[in-house]
1. Given (1) touching a strand residue (DSSP E or B) at 6+ places or on another chain (Cβ under 6 Å); (2) part of a helix (DSSP H, G or I), where does residue 186 come up short, assuming only one miss?
2. State which residue is surrounded by the most Cβ atoms within 10 Å (Cβ to Cβ) when the search covers only region 286-315 and only residues that are modelled with pLDDT under 90 and in contact with a helix residue (DSSP H, G or I) (Cβ under 8 Å, 6 or more places away or on another chain).
3. Test residue 113 against the criterion of being at pLDDT below 95 and at negative phi, and give yes or no.
4. Search region 134-152 for residues being surrounded by fewer than 17 Cβ atoms within 10 Å (Cβ to Cβ) and in contact with a strand residue (DSSP E or B) (Cβ under 7 Å, 6 or more places away or on another chain), and hand back the single one that is nearest to residue 122 (Cα to Cα).
5. Does residue 213 fit the bill of being in contact (Cβ under 8 Å) with a residue 60 or more places away in the chain, more than 18 Å from residue 90 (Cβ to Cβ), surrounded by 18 or more Cβ atoms within 10 Å (Cβ to Cβ) and within 17 Å of the chain's Cα centre (by Cα)?
6. Can you name the residue in region 309-342 that is in a loop (DSSP other than H, G, I, E, B) and over 26 Å from the mean Cα position of the chain (by Cα) and is also farthest from residue 415 (Cα to Cα) among such residues?
7. Could you run through region 419-476 and say how many residues are over 20 Å from residue 320 (Cβ atoms), in a loop (DSSP other than H, G, I, E, B) and within 23 Å of the chain's Cα centre (by Cα)?
8. What is the residue count in region 233-256 for residues that are in a loop (DSSP other than H, G, I, E, B) and in contact (Cβ under 8 Å) with a residue 12 or more places away in the chain?
């Protein structure tokens, strides 16, 4: 009888081990798009992969999207050296020294510490139910801070045989406590009130060419650190995530939870938009401009816009204009980095080679490889490029007192259309990239920061040249009626079924 009990106890213990330790391998071994239901989402993989190029990375996102989970997993992966097979980001082949920090001592214990090491058991030992596997947890110490169970440091066994060290700090200790040590990386979860904590972390990783991870729901508005990432200076990168990017939050839960937030918090809590829209170019909720896709009448006039992507991703947008009521419908978008003009030209032709394409003045620049202007390269490959770069017509220039290619005039025109219901965006997967740019495009010292604005720029070029839009001459070519998730904009433009 006792042997049976012992066997049962062993099975229970084994099951508990499976449930509580080594979640790193169980949850990060395969990506979600490889069929692993617990794998990281595509946006989380993009965040990790960007580490090979960018030392400072931010997740500026809605609440409960998984931003803390994402950074915690990366900290554990670097500390243990257990990189998943799909990993393309930053790597170390040696033990590392990392700082992890949060708002208060209590937050550090209950959020970052719990995320990494799990709860503290009755033996005052981390139980190992977090990202760091139990068998990798070595020596550790507690901080004397008037609060029980706050870890000061934890040694983590690295696959090389040595020991990494994760040091935990809180912002309430002050920026001075971040001085002194040289480390491989810092993770700041949410935003410190004192910007010097951030700059101290930048200094700590300088010598070893280390990394900074910043995870934040921007309830403090367009603060210095948020602006630092949105401006995307050298070596700096960020990604956003909304509730729509978090499949673990069902549509029903999204609606239920969103309704509980005050209106002034809703965009920040659910989409990660900086609180109060401080400094934003388009402080407009997505819901105000989104519409469900519909069959576009053949008499609607069409025009596309392109942003060539000389030193950034190339982008395109496709607009249908209901001239009877002067409403623009953005029904498709395109954005792709690191491709040739031939590749981009094919993307435009596939969406309708009859649609005129507006382009910016830099399309007159000659390509360094071929010596041929970019606009001419697209045109030679069958794209219906307009003959001149995008500019406001002379009447608008005279009435508004703006330059022919004024960016500010384009932004104000687009914002006015959003406010008055004359600019709508089809609720389809391809337009989400435009919404992401719209949420974060901001001003600095009154001027628009021209970063991560590729699709938005293409929309402005198309809008500036709206007078050149044409209706579809082929009455059989029209957009099909589909559900938003099934919408395929390319299907509408096939001349030969």
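1. If we test residue 186 against (1) touching a strand residue (DSSP E or B) at 6+ places or on another chain (Cβ under 6 Å); (2) part of a helix (DSSP H, G or I), just (2) comes out false.
2. 309
3. no
4. Looking at the filtered set, the residue picked out is 149.
5. So residue 213 does not fit the description; no.
6. 324
7. Count: 6.
8. Total satisfying the criteria: 6.
The values are calculated or read from the model by the stated rules, or taken from the named source; none is laboratory data. Just so it is clear, the structure is predicted and the values come from calculations on it, not from any experiment. Please note: Cβ atoms are built from the backbone with ideal geometry, for glycine as well, and neighbour counts cover all protein chains shown.
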